[in-house]
Structures are given as structure tokens and as C-alpha cells.
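First the structure, in the form of C-alpha cells, and then the observations on it.
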Amino acid sequence: MNTVGRVAVGLALIWVSCSGCHAQAMTAGPLGVPELVVGARVPLSQVANGVDGELQILKDARITRAIAKQVWNTGGLDVEQEDYIPSSKESPVRNARIQVVARNGAVLDSEELERPLARIGTAHLYPNAKASYLLSVDYSAGFGSYSGPITFVVEVSGGRLHWVEAVDASAKRAKLRMMDSLKTAWRIVDASAEGKEILEAACRPTEKTLKTGGDFTITYSRFFFDGVEWRSVSRTVPGFTEFDGGFPSRRHFP
């Protein structure tokens, strides 16, 4: 398993299954649809987030802590659900959800994720004390070197979810999303000024390679906050690498 993308600075990962979670759960659909239960939670405050409450990850109740740990980054729940959860033959494992919940239990904002497994962590990316939340969703396919967990940056203000986006040189805006796989790695580092920035390196085949085999390129991307919004810059060079041996030197990034 590639560990390069795990953040050591200011990040406390909270596993999707937590034994101490109270009995709050959400059910949906007709009788027989598996319930979703709280698998992870991060506290929110009125001052910082516009609500006293929690940012929660909901998971299918049948995904135990042991199963979540065993199948993370393996694709197990994507291709072999019944091996881990026999009842998924009749009722497929449900995707996780992220939601903002007030102290009184009211759900203020909620969004379904695209996979059953997710993790949430906290990082401080700005010069001030503002917290961002690193939402990792496991997109692993179980084979190949181009799939794996993808981490998004989520913030909560006014009691609502906000997905952090970055603007590139062509003014295109897209969600921050960093993959952790054999051919893609990322990390959070100190910015040249105050705060943090995110570096990502990705090795990919060229269009010619996809057709006939041959060349690969490596794209080095940097995401940073310019005081108003997040920006992304990148450079692409010919080359081939895999990142199980370590993260590239900072000098490769724009």
C-alpha cells in the first residue's frame, strides 16, 4: 500500500468505524434497506463553522471496523462484497455519506459519496486557525496502479458543506482531489509564505502509449492559497516512475 499521501503535519485521521459512536443513525428507503450509522465525527463550532455540532461520516452498518481496515485500498468492497458481507447479495453495500449535524440532531447539509468507504481528518492549511477537513474516499479497483483512495478538501461554514476548488492557468475551476496510488502521490508541505500547500505527482501513459505502448509522462502539480482562492499550477515532463520508493523532491514542482 502506498503511504506517501498520508499527511504527517497537523492531520489526525479518524477511521470510518468508531466503536465509541452513539446510536445516531439514518435509515432510508423501504424495509430491508441497510441502515447508515455514524462511523466518524469531527466537532464543529458556531464561531468557526456557523454551527455547534459535528461533521459526520455515515457508513453501512454492516461494515465493521475490522472489515473497513482490511479492505481499505484493496477494492474488496468493489469487487468482492459478498466475501466480506454475505448479506450484500440481497442488499448491496450502501455508499457512505458526509453530513453536517447540529447539536440538536438536525441535519443541516448532507451528500452521498460515490463509494462505501471513507475517512475524515483535519488539517490547518491557512495562516490562521481555520480548519479544513480531508475527506478520503476509497476508489480502489483491486487491480492496476491508477486507482486508489482520493482525498478531497471540505470546509464547513454557515453550517453548510463547501468543497474546496482550485483555479488553473486557463481559469478552469475544479475540486481539489488528490489520489494515493502506485503511480500517484501527494503530500501537504509548508508554503514559502505562511500556511500550507499541496503537492501531487502523477505518472501517466501518453495517448500514443494507450494505443501502441511507449511513452509516459510525469505531471508535478502544486495547489496553493493566494489569499483569495486556491490556485493550481503544474508542469509535465517525459518520464516513468512509481512512488512506492518515496515522494519526489520539491525541486520538481513549479
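The values are calculated or read from the model by the stated rules, or taken from the named source; none is laboratory data. Computed from a prediction, not measured in an experiment: that's the story for all the values here. Because the Cβ atoms are built from the backbone with ideal geometry, glycine has one as well, and the counts that use them run over all protein chains shown.
Can you tell me how many residues in the range 111-157 are within 16 Å of the chain's Cα centre (by Cα) and closer than 21 Å to ASP52 by Cα? Lay out the reasoning, then the answer.
Here is the first cut: in the range 111-157, the ones within 16 Å of the chain's Cα centre (by Cα) are 111-125, 131-141, 146-156.
Filter once more, so that each one left must be closer than 21 Å to ASP52 by Cα: 111, 120-124, 131-135, 153-156.
Qualifying residue count for the region: 15.
Residues in the range 81-90: is at least one surrounded by 18 or more Cβ atoms within 10 Å (Cβ to Cβ), under 30 Å from SER192 (Cβ atoms) and either out of contact with any His (no Cβ under 8 Å at 6 or more places or on another chain) or small (Gly, Ala, Ser) (or both)?
The answer is no; no qualifying residue exists.
Taking the condition of a type in the set (A, V, I, L, M), touching an Asp or Glu at 6+ places or on another chain (Cβ under 9 Å) and part of a loop (DSSP other than H, G, I, E, B), does VAL93 pass?
yes
For residues in the range 205-229 being surrounded by 16 or more Cβ atoms within 10 Å (Cβ to Cβ) and not aliphatic (A, V, I, L, M), which is modelled with the lowest pLDDT?
Across the range 205-229, the extreme among qualifying residues is PRO205.
Say whether the condition of being modelled with pLDDT of 95 or more and either closer than 13 Å to PRO116 by Cα or in a loop (DSSP other than H, G, I, E, B) (or both) is met by at least one residue in the range 43-50.
yes
Among the residues of the range 110-139, how many are under 24 Å from PHE223 (Cβ atoms) and in a strand (DSSP E or B)?
Residues in the range 110-139 being under 24 Å from PHE223 (Cβ atoms) and in a strand (DSSP E or B): 14 in total.
Out of curiosity, is TYR146 among the aromatic types (Phe, Trp, Tyr) and in contact (Cβ under 8 Å) with a residue 60 or more places away in the chain?
no
Would you confirm whether or not the range 54-70 contains a residue that is modelled with pLDDT under 90, more than 16 Å from PRO34 (Cα to Cα) and not in a loop (DSSP other than H, G, I, E, B)?
no
So, in the range 144-201, exactly how many residues are outside any loop (DSSP other than H, G, I, E, B), within 19 Å of PHE225 (Cβ to Cβ) and charged (D, E, K, R)?
Here the count works out to 10.
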